[in-house]
Structure formats: C-alpha cells, structure tokens
1. Would you check which residues across the range 594-626 are part of a strand (DSSP E or B) and either at pLDDT 95 or above or assigned by TED's automatic domain parsing to the domain that holds V478 (or both) and list them?
2. For a quick check of your reading of the model, give me the residue pairs whose first member lies in the range 294-306 and is more than 15 Å from L323 (Cα to Cα), whose second is part of a helix (DSSP H, G or I) and aromatic (F, W, Y), with beta-carbon atoms closer than 7 Å and at least 6 apart or on different chains.
3. Out of curiosity, is E496 over 21 Å from the mean Cα position of the chain (by Cα) and either in a loop (DSSP other than H, G, I, E, B) or at pLDDT 85 or above (or both)?
4. When residues of the range 563-590 are filtered for being free of Cβ contacts under 8 Å to residues at least 60 places away in the same chain, of a type outside the set (A, V, I, L, M, F, W, C) and closer than 30 Å to P621 by Cα, how many remain?
5. Can you pull out the strands (runs of 3 or more DSSP E) entirely within the range 643-721 that have at least 2 residues that are out of contact with any Cys (no Cβ under 9 Å at 6 or more places or on another chain), under 20 Å from L734 (Cα atoms) and among the β-branched types (V, I, T)?
6. So I757 passes all but one of these: (1) of a type in the set (V, I, T); (2) assigned to a loop (DSSP other than H, G, I, E, B); (3) in contact with a strand residue (DSSP E or B) (Cβ under 7 Å, 6 or more places away or on another chain). Which condition number does it fail?
7. Given the conditions (1) within 25 Å of K249 (Cα to Cα); (2) surrounded by 20 or more Cβ atoms within 10 Å (Cβ to Cβ); (3) at pLDDT 90 or above, and given that S200 satisfies all but one, which numbered condition is not satisfied?
8. In the set F604, F593, F636, which member is within 30 Å of S739 (Cα to Cα) and surrounded by fewer than 22 Cβ atoms within 10 Å (Cβ to Cβ)?
Amino acid sequence: MHRSVLFLLIFTLSLVGAPICRADVSAEQVRSAINKGVEYLKKTQQNGGRWPELPSYDNGVTALCTLALINAGVSLNDDHVKSALTHLRNSEISNRTYVNSLMLMVFCQANPEQHRVRIKELTVWLVNAQNPNGAWGYGNQHVANDPSNSQFALLALQEAERFGLKIDEVVWKRARDYWLARQRPDGGWNYNALEGSTISMTCAGVSSLVISNGKLGNLEDRITNGVVDCCTATAPQEAVRRGLAFLAKNLSIRGNPLTGDKAFYYYMYGTERVGRLLGQRFIGKSDWYRNGAEVLLNLQDGFSGRWVGTSHGENHPPVATSLSLLFLSKGRRPVVVSRMQYGNANSDNWNKHPQALQNITQHIEKRWEMDLTWQTIDIKLANVNDLLETPVLFISGYQSLQLTDEEKDRLVQYVNSGGFLFVEDCCRDEEFDLEFRQLMREMFPNAPLKPLPPEHAVWYADKRIDPRFVGELEGVDVCCRTNIIYSRVDLGCYWELDNPYRDENYPQNIEDEVQQRINIGTNVLAYATNRQLQQKLDRPRYDLTDASKIDVPRGVLRIPKVNHAGGSDDAPNALSNLLLTVQEQSEIRVSTFRRLLGESEELFDYPILFIHGRRGFTFSPAQRQLIKTFIQRGGFVFGDSICASDEFATAFKREMSEIFPDHELTRMPISHPIFSDEFGGFTIRQVTLREPAERESDEPARSTESRVVPNLEALTIGGRTAVVFSPFDLSCALENQVSLECKGYITRDAGRLGVNIVLFGLQQ
C-alpha cells in the first residue's frame, strides 16, 4: 500500500484553522512568496521540461509542478511552461490515476482547444478506470478502492466537463454513492477501516460529494407547464453538512490534526478545495485562507523560495512547493460576491439556492476574462474588516432576517465604508419584504429605498437589459453611488437554472428569463465593483467612533468636519482613512474620531476644518462668521467635492465668496509647494483621474483612467493659502469606492494628495 506516496501527488482537500484567529498576513507578502516559489520551480526544472520524479509515478511531479505554475499566473508562453506542456503532451498516458488526473487538469487549464485530443483520451481512461462501486484505485495495482485517488479522478473529470466533454451521469452517481457509503457516524471520512476519521479524507469526502451532487441536480423539476417554481423544497445536503461540522470541530493551523504532521502540505492545499468549492470564508470559526497563508509563509525557505516536508513525498521539495503554490494562488482569487449567512446555519432561509453564486461567478469569469471566486460569510463571526474584503454582500431570504442589533450596526458600517448590499426576496415573501424595508428605514433613515429609474447605470452596466425587465430593482443611495440594490424578483433561482452542464435548452420563455436574470446579476456586480477587484487579504480601514464620547490626548491631530445640509457626512470614513495615512507618512499622531461641528466656537480649537459633500447647501450667517474668524486666526480649510458634484462645488465656491467677497478660488500651479515633498508628503506631478466613459446607448458602462496634472484650487487671504479645494473626488476614493459614475482620483493618488494638503495646511 503506497499510502505515503498518495499524500503527495495530489492537491486536494483539508483544513486550516483556529478559533477566531485572524492572521495579519498581507496580499503583498503572499504575492512575494508565490513569486519566490515560482522561481524555485523554474530553477529545478530539468532539460526536456521535466522535474525530478518520484518512483513509480512518472510524470506525476511534472504535471503537479506545471499545474502549480499555471495557477500561480505564469504565462502559457513562458519557456518553462511551454517545455513542460510539450513533454506531457508527447508522453504516453500513464497507468496511474493520480498522474492521469493531474495531466488532465493541466491540459484543461492550458489552452484546452489545443489539447482536445489528449483531454479526450485522458477523460476516457479515467471513466473506464472507475470501479462498479464508484471508486478509483491506483491504476495497475491491486488496490481498487482508494479514496484519495477517487477524489482526484473527480476533480479532473469536473475540469473535463467544464471544457465541454459530457461525462455519463452514471459516473457521478456511482461516485456519490461511494462517498455516501464511506461516511462515518461522526460525519468524517477515513482512509481505511483501521483508522478513525481524518481531516484530509473528510475534505476529500465533502468536496467529492459537492462535485457529484452538482452534476446530478434535477433543476428541471422546478419547471412545470412552462412556469418556474423557485420556492420548491430542496433536498438538504445532509452528508455535506455533517462533514463540514466535523471539519469545524477538528481544525488546527499548527499541524495536520488527527494524523500529526504527516502530509502537511497535502493537508494545507486540500483546505482550499473545500473552502472554494463551498464558497466558505470561514470553516467553523477559522478564516482558513488567511490563517493558512500565514503558516505557509512562515514555513517557506526565505533563501531558495522552496517548501519541504518531513513525510515521504513531501520531503521532495518540488512536491511540497507545488502544493503550497496551489493553496496560495488558487485561494487568493479575488472575491466578486459573498453570500451572507445569518440566523440558523442549518436553515435554507439564507441559502435557498446554494449553487446560485457559483453559477453567476462562473458566468462573470468568462464574461470579464478574470479568475474569480465567491464566498459565504457568517455575519455572526465576521467583523467589519472581514466584510470589507468582499465588494458585494448578497443577502437572500424568504423568512425573517433574524439580525441582532450588533449585526445591523455591522452592516451599516460596512456600507458606510464602501461596501455594497445586493438583496433579494427569493420567494416574494411578505414577511421578508416588510422586514427588509423596515431595516432600511432603521439603518439609513435619510436615504430612502426607491425604484431605480430606467436611466440608472445598473440597467446597462454590463449588458443592456431588456426593457421588459427594467424596473424590477430598488436601491438606496449612500455616498457617491447606489450602495444597496433590492430585488423582489427571485434572481438566485434563475442563476441556478443556468447550469452549464445541462444537455438541453429550456422552453424559450424560460431561456429568456434565465438570461435576463443572469444579465441583471452581472450588471449589478459590474456596477458595484467597476470590474476592479481588490486582492484577497487587503483590508480597508474604517473608524466610525463618535468623537463626542471620547477624550483625545493633547498633542494628537484632530480634524473635524463642518456640518451642513449638502451631505457633510456622506463619506463618513474618508477623513479617518486620510488621517491614518498622514500618521503613516509622518510622525504626527492622529485621532480618527469623527466630529461634526455646526454653529460652535469649538472649531477654533482645531488647526484644520474639513468640508465635503455632494449636494448644494447654504451656511447660516453665524457659520459664515465663525469660519471667517477661524481663517483670520490662522486656520486652514480643506474642501472636497464628493464625486465631483457640480452642485456642491458651486455651493462651496459661493459660500467662500460670501465669506471673503474680494477673493476667489483659483487653480494652483503644479509648481506650488503643495505638490512637493517640502512639508513631508509626496512629490506629485501627475495623478490618475477616473471618470465615466462616453458610450453608445447599447454599450456597457465603463470608466476611463488618464494621467493628468492634479487640479486643486486655493483661496489666498493676506498672502497665505487659507483654503484648498478639490473639484474632483477625493472622499469616495479614500473610502475605497469604485463608482462607475464618479469623477475623481484613484485611491492611491487621492491619499497622496490628501496627505500633502493636510501637511501643508498644518504649516500655514
């Protein structure tokens, strides 16, 4: 029995975790580790495109290394990848399940049309190698029922079907029955009858059932007499649920639980399979990717870039390095949307259509030509920073939302910090609808939920929506865009019906509905993200603390905002994020506590006042006098037009003219010291300006970016620059907003300009 070897050539499932342990690893650190690992594999490649092989598994290591390089982002035109593919293409088909499975996955990901013949040959071999009981063995050996080989065969056949080869349904049914029969009373799986359940084999069982169940779903049962019933009862995936419960109970990031340190890298990369197949941000209470990435980065050899283990097979560095690269690279794919889990975890209220997000993500991947993923995130476990790692939070339900006050507050903070809520009443349930509308009134009392008009960008953000379907969405405007979109029409049901593996088309009316619901989902996600997705592990900062309740020590920089009716707090975290950047760039200690000041002499206690908004406003005579006195005493005003609002800009300039009628705002020349590092900031000569692109009526909404000279305007009083105003948006950029409709600077440049303005203002 070659069990130790089996743990190596495979990249499958297992788990990493620790109760509520959130590692502090960054996307840049992961990117650096991946690059080092890639260079190690390139250096160890031999002539002819091979890597040193393990006994009896010829081409197995080469296939594994090639798969790792491709998933790490190495170009298919890279000489190392090209030579490896040539070698594998010219090699004989193996008699080993592991090797053929790995080779099939390689060819399916590397210009599959060029390898169509080889893909078909390998697929036929794997189908024929399946035993009547649904299992696969090693190949030519006496072991006929091996769970690790079995899961690898399924992973490979799944890739073949994605390519376009139809796999007989009996293959998936046999595989499902095999894994169901092997599940143990505790919900886990084991490798053989002599041992208890293990994490690695439980991951194999869970992922194999997810794959086989996904191929056997009878979605057509929802269609009766040409009508779709989206609220039909669905069979619970009890075996998968029990498997996840076992994993959640037994996770660890410090070793391979239940089996010691045996096959650690196999175990680590296996985690990614469960996490990504099921879209799990947390497994139990473990942020599996963040924690796993921290462990792997600590284990990497800093000099060579390799990883190496202690068990047989993993003591072969190309194997351990490839498994590590697969975990890090596939697990870090940008998240385009996350489903919010709430209430009872075992209820289908929040997850009526479990394949919906997987299908819409696969559609968007092809449409946008990006490698993307989706997740499920539990609102009970996630803090605001966790939520901010997903650009869109999808909330579905047909019963009560069951949110606590703390969870509601978390959602408000998420939206105010640039997050986006995409909500559906999946069964047009009155209870859900009434509760959601009340929730919006509570959370955003000054921003009503209202129908999105036909001219709203969401109707053409990616594809022009058929006029018959326009008008089915409502929204809430927060900051520079609509940040909440609500559908009373079930969308997830139709996304799920768009099963890429179905054999036949639906009736034409249903095909039309499916396509339009897919288009609506794609449009909402395009509108919400501007197709610009942050790297996993990059976390925006937020601070929503009320300064009136906090004592701030002396010697700490505080900047309040001036209260007015034009949206004085519409970007609530912009100033906080800017001050944190100031602190990082300088030695100045800052307070990020938010303070809005109206007709109060308290503003004389601060060196700088911040005024931004997105609508027209008028200061009271008392406010004008206070601001005038503030400036005359040496104070500095920093103004910003949120999303380049002409209405706000006009009001701001009018108010400055009312306060100082003999002075006007004029553009600052690029030679002005505010664009230099003279005051401790940055030398800025050009910045990137994002603005809505011109489009024809049938074209998708897009934004353009151009390098320009920064545009700041100044008001000079008594020979001193007392007011600096940005007519182009800084605030939304500082909140990591990526609006399709907002004209302003990208986040990096907005931060640099903001730092320079603050440091300049402190020295006036």
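1. Kept after step one, since they are part of a strand (DSSP E or B), are these residues of the range 594-626: 594, 596-597, 608-613.
I608, L609, F610, I611, H612, listed by residue number.
2. From the range 294-306, the pairs are S304/Y40.
3. Working: over 21 Å from the mean Cα position of the chain (by Cα): no; either in a loop (DSSP other than H, G, I, E, B) or at pLDDT 85 or above (or both): yes.
Judged against the criteria, E496 is not a match.
4. 5
5. Details: elements: 687-692, 703-708, 713-717.
By residue number, 687-692, 703-708.
6. I757 satisfies every listed condition except (2).
7. (3)
8. Values: F604 fails: within 30 Å of S739 (Cα to Cα); F636 fails: surrounded by fewer than 22 Cβ atoms within 10 Å (Cβ to Cβ).
One residue alone meets the criteria, F593.
The values are calculated or read from the model by the stated rules, or taken from the named source; none is laboratory data. Computed from a predicted structure; not experimentally measured. Don't worry about glycine lacking a Cβ; one is built from the backbone with ideal geometry, like all the others, and counts go over all protein chains shown.
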